[in-house]
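Please read the structure below before turning to the comments.
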Amino acid sequence: MKADLLKYYIFAILSMLFWGLTFVWFKIAVEYYEPITIIFVRLILSSVLLFSFIRISRKNERILKEDYKWIALLALSQPFFYFLGESFGLKYVSSTISSAIIATIPLFSPLAAMWFTREKTNLFTWLGILVSFAGIILMLVNPDLSLNAAPKGIFLLFFAVFSAVMYSVIVKKLTHKYSALTIISRQNLIGSLYFLPLFLVFDLKGFLLVKPDADLVLALVQLAVFGSCLAYLFFIMAVAKLGMVKANIFTNLIPVFTAVAAYFVLSEVFSFQKIAGIVLVVMGIVVSQTREIAQLMRRTST
């Protein structure tokens, strides 16, 4: 039981690591393509990979007719609404600050969970959320208490946050019936269809003018494989086992991973204030999981 639960905590951490890195990879890709093009190509590549794996492994599951609407809503909330908010927000806000805003998802998840899924939340969970959020604010605010971000970008990123919360509510409902592979493959395919008209109308000409180089191709492949395949697969499995609220708490790790990667790849400033914020984020996650950690320690000692 202990090893089984630990596995899902690792899945949650890995999903956040991959999503944290996507902010850096996106910053590279946006030097060449517009956000809609990046998202569309990313979803197409991930769909090809996922359905190829399903065909080879023969793990295809039939979607029940009554669940079509939920799959369509799932893809509408994420990737469609979420990626529109996140990607255009990234045009106006740095990768580190963007990831810090996205990491506010756990603040809204308990409210959505209580309202939609009747999922219970304990005092340690709320305390951990508050501590982590304090760390995020520390990373987001300048020493003079001003925000180093455009209001337009902040609004778009919070639109992505609310889309992600709704995604978690819907995906929790579907995990009772379908595997993570089935959910994410359909989600990405339908999501690519949502983005197709936008790509054809707004971005096709620009897409044809760009000559891809190794940096662009690598960034797109990494976004597809790690951001749109593995991260979602791990996250959906974590939600199914840990619950919507506890799985989303790990979202607070995203700005930590992004800040470290942005420092090495994009040469973004890595100040003492950011380091202090990272420490608070990690402390908050530990506090939120206090009960589970105590249970694991008791099982280990017996």
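Counting only helices (runs of 4 or more DSSP H) that sit completely within segment 64-116, those holding 1 or more residues that are touching a Pro at 6+ places or on another chain (Cβ under 6 Å) correspond to 82-89, 95-102. Only one entry of ILE254, ILE184, ILE190 meets the criterion of being touching a residue at least 24 places away in the same chain (Cβ under 8 Å) and either of a type in the set (S, T, N, Q) or in contact with a Ser or Thr (Cβ under 6 Å, 6 or more places away or on another chain) (or both), and that entry is ILE254. For segment 132-144, the criterion of being assigned to a loop (DSSP other than H, G, I, E, B), among the charged types (D, E, K, R) and more than 23 Å from PHE80 (Cβ to Cβ) is satisfied by at least one residue.
Scanning segment 1-57 for residues that are out of contact with any helix residue (DSSP H, G or I) (no Cβ under 9 Å at 6 or more places or on another chain) and within 30 Å of VAL201 (Cβ to Cβ) yields one hit, SER52.
If the condition is being aliphatic (A, V, I, L, M), buried (at least 24 other Cβ atoms within 10 Å of the Cβ) and modelled with pLDDT under 85, then segment 255-280 contributes VAL256, ALA259. Condition check: without any contact (Cβ under 8 Å) to a residue 24 or more places away in the chain and in a helix (DSSP H, G or I). Does ILE13 satisfy that? No, not satisfied. For ALA72, the criteria (1) small (Gly, Ala, Ser); (2) under 18 Å from LEU181 (Cα atoms); (3) crowded, with 23+ Cβ neighbours inside 10 Å hold in every case but one, which is (3). Scanning segment 85-117 for residues that are under 17 Å from the mean Cα position of the chain (by Cα) and of a type in the set (D, E, K, R) yields one hit, GLU86. Of the helices (runs of 4 or more DSSP H) lying entirely inside segment 217-278, those containing at least 3 residues that are farther than 20 Å from VAL131 by Cβ and over 16 Å from the mean Cα position of the chain (by Cα) span 254-265. For segment 16-52, taking the residues that are among the charged types (D, E, K, R) and part of a helix (DSSP H, G or I), the one that is surrounded by the most Cβ atoms within 10 Å (Cβ to Cβ) is identified as ARG42.
ILE56 fulfils the conditions (1) exposed (fewer than 14 other Cβ atoms within 10 Å of the Cβ); (2) outside any helix (DSSP H, G or I); (3) not charged (D, E, K, R) except for a single criterion, (2). Within segment 149-172, is there a residue that is touching a Pro at 6+ places or on another chain (Cβ under 7 Å), among the small types (Gly, Ala, Ser) and modelled with pLDDT under 90? So far as segment 149-172 goes, no, none of its residues is touching a Pro at 6+ places or on another chain (Cβ under 7 Å), among the small types (Gly, Ala, Ser) and modelled with pLDDT under 90. Inspect all residues belonging to segment 150-159 and state whether any of them is part of a helix (DSSP H, G or I), hydrophobic (A, V, I, L, M, F, W, C), within 20 Å of the chain's Cα centre (by Cα) and surrounded by 19 or more Cβ atoms within 10 Å (Cβ to Cβ). Scanning segment 150-159 turns up at least one residue that is part of a helix (DSSP H, G or I), hydrophobic (A, V, I, L, M, F, W, C), within 20 Å of the chain's Cα centre (by Cα) and surrounded by 19 or more Cβ atoms within 10 Å (Cβ to Cβ).
The values are calculated or read from the model by the stated rules, or taken from the named source; none is laboratory data. All values reported here derive from a predicted model rather than from experimental measurement. Backbone-built Cβ (ideal geometry, glycine too); neighbour counts: all protein chains shown.
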